[in-house]
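The values are calculated or read from the model by the stated rules, or taken from the named source; none is laboratory data. In this text, all values refer to a predicted model and were calculated from it rather than measured experimentally. Here the Cβ is made from the backbone with ideal geometry for all residues, glycine too, and neighbour counts use every protein chain on show. With ligands, DNA and RNA removed, areas are computed over all heavy atoms of the protein, side chains included. Shrake-Rupley method; radii C 1.70, N 1.55, O 1.52, S 1.80 Å.
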Amino acid sequence: MTVVLRWRSRALAAWVALLVCVLLAWAFVPKPALYGDIPFSTLVTDREGRPLKLVPADDGRYRLFTELDDIASVAQEATLLYEDRGFHRHPGVDPFALARAAWTTYVRRTRVVGGSTITMQLARLRFDLDTRSVFGKLVQSARALQLERHYSKAEILEAYLNLAPYGGSIEGIGTASRIYFDKPASALSLGEALALAVIPQNPTDRFPVRAGGRAELLAARERLLGAWVSGVDDTDPGTIARARLVPGFRSPAALPSHAPHFVRDHVRYDQRSLVRTTLDLDLQGLVEARIAAHVERRRRDGIENAAAMLVDARAMEVLALVGSAGFFDAGIAGQVNGVRAPRSPGSTLKPLLYALALDAGLIHPMTLLEDAPRRYAAYTPENFDRGFLGPVFARDALVYSRNVPAVGLLADLGVDRFRGWLQGAGVTDLRPASDYGLALALGGSEITMEELTRLYAALAGGGIWRDFATVPEFMPGTAERLLSKEASFLVLDMLRDVARPDAPARGFDERPTVAWKTGTSFGFRDAWSVGLIGHYVLAVWVGNFDGSANPALVGREAAAPLFFAIADSLPESRPWWAVQDESPEAPGALNLRQVDVCATTGDLPGPHCPRTTPSWFIPGVSPIRVSTVYRAIDIDRRTGLRSCHADDHTERIVYEFWPSNLHDVFRRAGIAIRRPPPWSPDCGLDETSATGLAPRIRSPQRSLVYHAATPSAEEGSVPFSAVVDGDARKMFWFVDHRLVASTKPGESYFWTPRPGRFTVRVVDDLGRAAAETIRVRAFPGL
């Protein structure tokens, strides 16, 4: 008896020890990652949740993570009913189900039965187990217990529904719902849920888009529907009737792929994510359709490619983006993203140059600029039409895109300053300013459509630069002020006077006012149109990615029709000035005044200005200068000559004293100017030099370094030219007090220098003078 008691006590102690070991082992079972390194897909949608593209996971499979709360309850219940009715009761392994499966499979051998619970199936999927052997089943069971040890039933069911196979390369019920039914898993009907629930058990034979697969799937679904009806007492008969209807299954090959350049290059996303972007699928389709129609219509002119970008300037949200006329068209290198390709911007940078000149106090909208032949060392800019308008107001010079005035503004502003401003405004890959020279004003650099659109959006935002948003939750980085609110407003006010290519010859155009600009690159390689339509910023490019030239690639002819085809189709929006009325950029809130200026000179009117016109003026910034063109002078009635003294024989008559450079343009254009008569011989230089304006040396320039001429040079290498007052008839040039030449107004003299530092002085025939100091270096190699 004692031996028996001792044996029983030892046996009990052994069982207790075993139980303690089991409990300790259970307590210290390591927690595995529920998904490990399994990659997931990304569903990219537009702003309304409409799919743009389902991006495959890194392993090439479609596997979209979906939270359990976002899966319809009928889909969860149907899956449990078909796969594991005791899911919420067992600890991860159902021994009775395993025994029943072993008896059917290995003893009776009537059919193969798995007996795996959902947790066991998750273990097989998660750990990539081979469960066809007894050992494999044991490992699967152990892994299932391990998962149940550390995760809730809801987490396990969620993981299973995200990893279960649904035919082909489709995994996860959220993925299957999107691909087969084009809807989220939360919107699955009973019939659709039952159909999806039976696929994971045999995903190959029940693949609905495979020949014969649909019939096998529907038969299994019918059996599950019977079990559903028998197990649910309160199911509505109408619901059951609808569940018997055969659902339509969409093939994975029919997955949408909208805005491919945008999705590939402009959307940042992580695995296991559904990314809602700022893109508007309706506007994207509109822009794509307009590009396709435009290219087809202009194909006879050799135009085959285009790109466009549409942005909401209020939140800097990208609404539409087309990188090429055909993403899959290898003939145009369609997969190149034209929105990010550096191209020559042509004249589209001029509005930014004018805005900087406004801020620098160089001009106001009615400042008179010179559109006349001019030489800057070896560079002689030309207008697109090869002609000249003569004196032109800054507003008109921008509206009519005159090249020569823009180059003159850049010369006054400084190439280094403009280049530095562009770099600070986010324009990348800029070369040194010396590589561009004054051609930078005319598109001598390269810029991407993204960068250019941001600059125009800054004009719409009152001079504030902000980055784009491609997802609504994205908050652009720190806003930076590039321009004053006043300069931004004035430039846009000018640009809305640019005539549309299809503007009516007469009458009122009821279409929305657009502030826009065209651009044509050198050699006819790029055609641009960029502008603001209400709160939209639209940029359009037409050209070839290989940079090949085409005479048809002119901004106003090739890009502007496409620009307005899109602009006129946009939903109604408020004009840009009304958008600004909601912000401190409203005209009434700006440091702006309208003042009367002389209508012919653009300066503040003097006493003899014949008429005035209003112009915007930035107090404290805009240049203040009283017009000196119209002057009253004393004329001797006896001789008709200009007198240096007023007496009974003189009368005061108003004449036009246009500077020599503009007077020459008037003369070539056949415009008669009432020039003042010569001075009387009785007037000396002391008297004449005290009147009028001193010469203004245009060349040589203090900021340039000149080189001595080569031994074989036939003429000098340094041009001498100056602008003199309207009454001067001759100029005398001195180098270090030595007379070297005399010229007429409008003529240039070319001086042959030697190395050194020199003072160049010009004196007109009335004794007025100006001087510049220049440096001359030895010619390289001498």
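Results, tabulated for the structure shown:
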{"item": "Matching entry among 220, 195 (being buried (at least 19 other Cβ atoms within 10 Å of the Cβ) and either out of contact with any Pro (no Cβ under 9 Å at 6 or more places or on another chain) or more than 28 Å from residue 35 (Cβ to Cβ) (or both))", "result": "220"}
{"item": "Pair list, Cβ < 6 Å and 6+ apart or interchain, from region 199-226 residues that are free of Cβ contacts under 8 Å to residues at least 60 places away in the same chain and more than 18 Å from residue 81 (Cβ to Cβ) to residues that are of a type in the set (Lys, Arg) and open to solvent by 20 Å² or more (accessible area, probe 1.4 Å)", "result": "208/214"}
{"item": "Residue count, region 452-476 (criterion: open to solvent by 10 Å² or more (accessible area, probe 1.4 Å), touching a Gly at 6+ places or on another chain (Cβ under 9 Å) and assigned to a helix (DSSP H, G or I))", "result": "1"}
{"item": "Residue in region 754-764 that is at pLDDT below 90, surrounded by 15 or more Cβ atoms within 10 Å (Cβ to Cβ) and in a loop (DSSP other than H, G, I, E, B) present", "result": "no"}
{"item": "Identity of the residue in region 302-345, surrounded by fewer than 18 Cβ atoms within 10 Å (Cβ to Cβ) and among the aliphatic types (A, V, I, L, M), that ends up nearest to residue 48 (Cα to Cα)", "result": "315"}
{"item": "Filter pass, residue 209 being part of a helix (DSSP H, G or I), open to solvent by 10 Å² or more (accessible area, probe 1.4 Å) and β-branched (Val, Ile, Thr)", "result": "no"}
{"item": "Selected residue [under 18 Å from residue 118 (Cβ atoms), buried (at least 16 other Cβ atoms within 10 Å of the Cβ) and either modelled with pLDDT of 95 or more or of a type outside the set (D, E, K, R) (or both)] from 189, 141", "result": "141"}
{"item": "Test: residue in region 250-259 that is touching a residue at least 24 places away in the same chain (Cβ under 8 Å) and either touching a His at 6+ places or on another chain (Cβ under 9 Å) or open to solvent by less than 20 Å² (accessible area, probe 1.4 Å) (or both)", "result": "yes"}
{"item": "Extreme residue, nearest to residue 498 (Cα to Cα), among residues of region 377-403 that are more than 34 Å from the chain's Cα centre (by Cα) and surrounded by 15 or more Cβ atoms within 10 Å (Cβ to Cβ)", "result": "389"}
{"item": "Residue within region 551-562 that is at pLDDT below 95, open to solvent by 50 Å² or more (accessible area, probe 1.4 Å) and charged (D, E, K, R) present", "result": "no"}
{"item": "Qualifying residue in region 39-46 (condition: over 30 Å from residue 230 (Cα atoms), at pLDDT 95 or above and part of a loop (DSSP other than H, G, I, E, B))", "result": "yes"}
{"item": "Unique match (being of a type in the set (Ser, Thr, Tyr) and either within 21 Å of residue 395 (Cβ to Cβ) or at pLDDT 90 or above (or both)) among 612, 710", "result": "612"}
{"item": "Meets criteria (open to solvent by 60 Å² or more (accessible area, probe 1.4 Å) and either touching a helix residue (DSSP H, G or I) at 6+ places or on another chain (Cβ under 8 Å) or farther than 18 Å from residue 54 by Cα (or both)) for residue 246", "result": "yes"}
{"item": "All positions within region 614-651 that are open to solvent by 40 Å² or more (accessible area, probe 1.4 Å) and of a type in the set (S, T, N, Q)", "result": "628, 639"}
{"item": "Meets criteria (farther than 21 Å from residue 428 by Cβ, within 13 Å of the chain's Cα centre (by Cα), of a type in the set (Val, Ile, Thr) and modelled with pLDDT of 95 or more) for residue 322", "result": "yes"}
{"item": "Verdict on residue 438 being at pLDDT 90 or above and buried (at least 21 other Cβ atoms within 10 Å of the Cβ)", "result": "no"}
{"item": "Single residue of region 108-136 satisfying the filter (at pLDDT below 90 and open to solvent by less than 50 Å² (accessible area, probe 1.4 Å)) that is nearest to residue 156 (Cα to Cα)", "result": "116"}
{"item": "Selected residue (only one of 420, 443 is within 23 Å of residue 531 (Cα to Cα), open to solvent by less than 40 Å² (accessible area, probe 1.4 Å) and under 24 Å from the mean Cα position of the chain (by Cα))", "result": "443"}
{"item": "Criterion violated by residue 360 - all others in (1) of a type in the set (Gly, Ala, Ser); (2) over 19 Å from residue 498 (Cα atoms); (3) open to solvent by less than 10 Å² (accessible area, probe 1.4 Å) satisfied", "result": "(3)"}
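Residues are listed down the side, and each one gets a yes or a no for (1) part of a helix (DSSP H, G or I); (2) not charged (D, E, K, R):
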| position | (1), (2) |
| --- | --- |
| 490 | yes, yes |
| 493 | yes, no |
| 500 | no, no |
| 515 | no, yes |
| 539 | no, yes |
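Residue by residue, here is whether (1) over 22 Å from residue 253 (Cβ atoms); (2) at pLDDT 95 or above; (3) among the charged types (D, E, K, R) holds:
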position: 31; (1), (2), (3): yes, no, yes
position: 35; (1), (2), (3): yes, no, no
position: 58; (1), (2), (3): no, no, yes
position: 79; (1), (2), (3): yes, yes, no
position: 84; (1), (2), (3): yes, no, yes
position: 88; (1), (2), (3): yes, no, no
position: 96; (1), (2), (3): yes, no, no
position: 99; (1), (2), (3): yes, no, no
position: 102; (1), (2), (3): yes, no, no
